[in-house]
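The values are calculated or read from the model by the stated rules, or taken from the named source; none is laboratory data. Remember, predicted model here, so these are calculated numbers, not experimental data. As a convention, Cβ positions derive from the backbone with ideal geometry for all residues, glycine included, and neighbour counts pool all protein chains shown. In case anyone asks, the SASA skips ligands and DNA or RNA and just uses the protein heavy atoms, side chains included. Shrake-Rupley method; radii C 1.70, N 1.55, O 1.52, S 1.80 Å.
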Amino acid sequence: DQDSRWSNSTKLISITTFSPSGTQQIDNLKPNTNYTVRVLLYASDQRVYDGKYVPVSRRQTRCADLDQGYLHQIVTGKSITVSVLHANDDICYPLSQFELCIDDYWHTCRVIQNTVTFDYLDYYVNYTLTLRKNKADMKTWTIQTDEGPPGKVQNIHANTKNTIAELTWDAPAKTNG
């Protein structure tokens, strides 16, 4: 009597081979999911082998670690927002195993849920972002905040000579914000 737990299988692949060993690739499996694979043997007269002693293989599919391709970055003024693109179903879950770090004054690291925002950064500065998994660095890249308003000019002086005025000043400390 055939083992009834296999009758509800969600994936049935028919392979005709005359060799005692064969290879078959099974596509479109879900990432990071446990699967049990069983091969049923048929005799040439279409009778199925009873299945009691057919070996079973239990395997887990792998998933892809996050990288820049799975992230959408937006720079708005002095803020950097990084979001995970959920259209990519093959990324490893839970996302909480990943964190994003920035080389700001405090070297801030935040656990990734769906979106990570770094606020109160300086204008027009290149920041290094580091993607980490379980506290180990995986990928590093640089992103720049927007230009901001220039700083105030200092030491403004006006000299007049007849009908001409000449203004002089010291350049702002931060020309790009």
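Below are the figures for this structure:
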read-out	value
Complete set of residues in the stretch 140-161 that are β-branched (Val, Ile, Thr) and surrounded by fewer than 12 Cβ atoms within 10 Å (Cβ to Cβ)	Thr142, Ile156, Thr160
Pairs where the first residue, in the stretch 138-157, is more than 30 Å from Asp67 (Cα to Cα) and the second is of a type in the set (D, E, K, R) and open to solvent by 80 Å² or more (accessible area, probe 1.4 Å), C-beta under 7 Å, 6+ apart	Pro150/Lys174; Gly151/Lys174
Residue in the stretch 76-98 that is exposed (fewer than 13 other Cβ atoms within 10 Å of the Cβ) and over 30 Å from Asn34 (Cβ atoms) present	yes
Candidate set: the stretch 78-122, residues that are β-branched (Val, Ile, Thr) and closer than 20 Å to Pro31 by Cβ; chosen: the one farthest from the chain's Cα centre (by Cα)	Ile112
Positions within the stretch 129-139 being exposed (fewer than 13 other Cβ atoms within 10 Å of the Cβ) and either part of a loop (DSSP other than H, G, I, E, B) or not acidic (Asp, Glu) (or both), in sequence order	Asn134, Lys135, Ala136
Residues located in the stretch 99-127, provided they are in contact (Cβ under 8 Å) with a residue 24 or more places away in the chain, under 20 Å from Cys63 (Cβ atoms) and either open to solvent by 40 Å² or more (accessible area, probe 1.4 Å) or among the polar types (S, T, N, Q) (or both)	Asn114
Whichever residue in the stretch 145-177 is in a loop (DSSP other than H, G, I, E, B) and acidic (Asp, Glu) and, among such residues, is farthest from Thr81 (Cα to Cα)	Glu147
Thr142 vs. criteria touching an Asp or Glu at 6+ places or on another chain (Cβ under 9 Å), hydroxyl-bearing (Ser, Thr, Tyr), within 24 Å of Val84 (Cα to Cα) and in a strand (DSSP E or B)	no
